[in-house]
Structure formats: structure tokens, C-alpha cells
2 protein chains.
Amino acid sequence: MKLYTYWRSLATFRVRIALNLKGIKYEPVYVDLDGGQQHQSAYKSVNPQSVIPSLVEDDGNVLFQSMAIMEYLDEVHPNPPLLPKDPRGRARVRALSLMTVADTHPLIVPRVRNRVDALYKVGEEGKIEWVKHWFAAGLDAYESHLSRDEGTGLYCHGDTVTMADLCLVSHAAGTRVFKGSIDSHPTVKRIVDRCLADDRFASAQPLRQPGAPVGH
Amino acid sequence: MKLYTYWRSLATFRVRIALNLKGIKYEPVYVDLDGGQQHQSAYKSVNPQSVIPSLVEDDGNVLFQSMAIMEYLDEVHPNPPLLPKDPRGRARVRALSLMTVADTHPLIVPRVRNRVDALYKVGEEGKIEWVKHWFAAGLDAYESHLSRDEGTGLYCHGDTVTMADLCLVSHAAGTRVFKGSIDSHPTVKRIVDRCLADDRFASAQPLRQPGAPVGH
């Protein structure tokens, strides 16, 4: 299968981790978001919404939206599982995942920070201020849940990796790309550090992808 | 079970429809988002993230995030189903759902438009401009997928209601609350009109909830 990807895309980072955990081989196809390739007809024929990731199966079936792709991979390749078996646990993992996928990440993507700049002329510094605020709010939200919930274990939910960890790690990676820190959020940091000690997470990181800036 | 709800909350609207479709009775608990009740300790003890909906089961189990709640309801009360049975169909329904839950709705919630105003002093008119842009972008994205995909039927996916329809209808309701229109998006309009002909959708609409402005 082909994964349409870009080094900095946090949504694609989540999918790369899922593919690594499941042991699924894929062919990366690079879409230069900074160069606007997502708006060209070659990519729009794959995904008319001009966002990545898209995962295209060998028979041409196109999958889109990172969380839908992770759920699909978990249904078709169930081992190791990305969701617990009990409905309440699954609901908690999905809800924790959505704190990145819905509540935070969509606020900081290029189309939004570029819109902020286009409308309000905030410049690079203003865009970074915008982004850092939402990453910080997301970290607070995670810490508030993870530090008090009985369901939290070595990972976001219990003692094995779930989809929520993939989302949390992508949130932490975004925080770091924008020069923020997760150090003041101890439960978040503990879980992220544990995940990144696993090369299936670490090797999928934005700054380890082709095209990423060197020495960042 | 108790549903923490507010008339205007589009995320809670989605959950209200799901509860109606499943025939599940619930006790509404009103959280006045405009009055800031979501930030008071009474509600923060339920959901420390200060967002709605939360769905609290009779034994005290708290569910949060609209999409996680809809998936949970579908697992625990499988009839009528909100997701198709085949993994590819499920992936498509989830992806279409996330076009609202992730790509659009988070951009227009009060905390974001208030942040835009606080930072850039845009006033009421500026906030409405911000909101309308993202609803319009979301409508374009939906129309681009729904009008071309073979999976589209009488509803977003095939000829029965799925979670994607609940999300699309909430998107359309938000568009209308902010004086936008879906009339120039024919596939969206066709599906939304069909859904709203069903009282289980229509009765859950924001403007039909207690506390909604009259004559809106």
C-alpha cells in the first residue's frame, strides 16, 4: 500500500506509528505541503480535500483521516490491538485520541495558521503564538484526565499501547517542533518518554523523515 | 443516564440524535456555556476539560467526546447500527464523520472564536466571518467527497443512516445558526433534508432545545 506523507504532518505521524506497530510495509509517497503539492490535481485525485494522510491499498481503495485509518488498520490487522476489548475502555481510548485529533491538532494546521495570518497580519511570531497556545491547552487537558483517571497505566489506557498513545505522542511531537515543552505535564511526559523508547514510535517521528530540516 | 447538554452545542446535537435513533431515554442536564458553567467545579468534576457533551451512566461511568460516545452507544446498543459492517465502509463513515468532528467543528467553538477576538480584536462581525469561512470550507470538502464517491447513497454512506449523517447534519445546523446556507452544495443538501424529515433528527436540533433563542 501507498502512504501519502510529509515529514511534518502530525496526522501522518500517527498513521506511520500504527503501520510500524502492525508490521505493515508501505511505500511512502511524499506530498510537499510547504510547496502546495496537496492542492495539485495529482493529489486531489486521491483526496479532493487536499489533506494528508491518505493510505491507498493495492487495489486502489483510498482511506483518509488519520483516526479512521488507525481504526481500519486495527480491524483488518488486529494484532497487536490499538483498542481494548471492553466498550468503556474503547470509549475512553477514543475520547483521549480525539483530544488531539479533534480538539487540538485541527487548530494548528497550516491552513488555519495561514488564515490567521492572512486575516490579522500576525506574521511568523504571531502564528507561533497561536500554535503554542493550543498545544499548551491540549497538554493541560490531557494531564487533567490522565493524572486522575483510574484507567491510566504505564500508557494512556492500561499497560499496553493504544491509539490514544499514538495521538498523545503526535501532540508532544508538535509541541516540540514549535519549541514548546511537555516537562511541566508529568503524566504526559512519562507516557510519551515510554513510547519514544520504542523504535516503532521513534523512527516514525517527524524530524526523522526525509525532507525534515537537519539539526532541528 | 444523564446527558450534559446545551442548546447550541453541535457536538451534543450529534449525541442527542444518536440517543434518539437508538431509543435510549436520558435525563438532560443543562450546562450554560454562555454563562461559563462549564468552567465551574460542579461540571469540571464530571469533565475536567470543561467541554460538553458528557454522558454519565447510571453507575457513574463518564463518557466524553461526541464521536467516542456515538461509537460506544453503537457498540452497546447495536440496533439500529450507526456504522456499516465492512471495514472499508466503516473507515469511510468514520472519515466523513471526522470532516466535521476534527476538521471543522473544533475551529468554530466558543473558546476558539473568543481567542481570535481576544488576540486580534475582531468583534462580533469578525468572529462571524471566522466561523462562516470554516463552515464553508467544510461544506466544500463534504460536497467534493459525497458527490464523487460511489459509496454515497440516499445518505452519506449507502441507503441507511450512519454516524456520518449525524455529523453532516450538525455541520449544516451550525452553518444555519451562523446565517450560512447549504443550498449551493446539492449532495449535502439532499442528504441533510432527508435526515431532517425524520423527527429523531429534527427534534434534536439546537433551535428546538430549551434555552434556545425564540424566533431565530
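Any read-out appearing in this document is the output of simple, stated calculations on the displayed coordinates, not a laboratory observation. Because the structure is predicted, anything quoted here is derived from the model rather than measured. All Cβ positions, glycine included, derive from the backbone under ideal geometry; neighbour counts span all protein chains shown.
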Amide hydrogen neighbours beyond the local backbone of residue B:156, cut-off 5 Å, H modeled: B:162, B:165
Calculated from DSSP helices alone, with each H run of at least 4 adding -39500 (n - 2.57) and the total divided by the residues of chain A, [θ]222 nm to the nearest 500 comes to -16000 deg cm²/dmol
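How high is the relative contact order of the stretch B:87-208, in percent, counting Cα pairs under 8 Å that sit 6 or more residues apart? Don't jump to the answer; show the numbers that get you there.
Working: 108 pairs, mean separation 33.5, N = 122.
Reported relative contact order: 27 percent.
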In nm, one decimal, shortest first: how far is the label point of residue B:212 (7 Å from Cα along Cα to beta carbon) from the matching points in the other copies? 4.8
Report the label-to-label distance for residue B:214 and residue B:129 in nanometres (one decimal), using points 7 Å from each Cα along the Cα→Cβ vector. 3.5 nm
Using only alpha-carbon positions, what ratio does the radius of gyration of the stretch A:1-80 give when scaled by 2.2 N^0.38 Å? 1.03
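What number results when the radius of gyration of the stretch B:105-216, computed over Cα atoms, is divided by 2.2 N^0.38 Å?
Details: Rg = 15.2 Å, N = 112, 2.2 N^0.38 = 13.2 Å.
That works out to 1.15 for the stretch B:105-216.
Can you sort B:39, B:105 by how many other beta carbons sit within 10 Å, fewest first?
Values: B:39 11, B:105 26.
Ranking B:39, B:105 by Cβ neighbours within 10 Å, fewest first, gives B:39, B:105.
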What's the longest piece of chain B with no exposed trypsin sites (Lys or Arg not before Pro), counting a site as exposed if DSSP puts it in a loop and it has at most 12 other beta carbons within 10 Å? B:26-84
What are the ³J(HN,Hα) values, in whole Hz, obtained from phi via the Karplus relation 6.51 cos²θ - 1.76 cosθ + 1.60 with θ = phi - 60°, for each residue of the stretch B:144-150 in sequence order, with x given for Gly and Pro? 4, 7, 5, 6, 10, 6, 5
State, to one decimal in nm and shortest first, how far the label point of residue A:196 sits from each corresponding label point in the other identical copies (label point: 7 angstrom along Cα-to-Cβ). 4.8
With one decimal in nm and the nearest listed first, the spacings from residue A:183 to its own position in the other copies, using label points 7 Å along Cα-to-Cβ, are 5.8
Using only the Cα atoms of chain B, what are the Rg and Dmax in Å? 16.9, 49
Quick one: what are the phi-derived ³J(HN,Hα) couplings along the stretch A:128-136, Karplus 6.51/-1.76/1.60 with θ = phi - 60°, whole Hz, x for glycine and proline? 5, 4, 4, 5, 4, 4, 6, 4, 5
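With a 10 Å Cβ neighbour count serving as the proxy for reagent exposure, in which order, fewest first, do B:71, B:129 appear?
Values: B:71 25, B:129 15.
Sorted ascending by nearby Cβ count, the order is B:129, B:71.
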So what's the gap between the Cα centers of the stretch A:140-216 and the stretch B:78-150, to the nearest angstrom? 26 Å
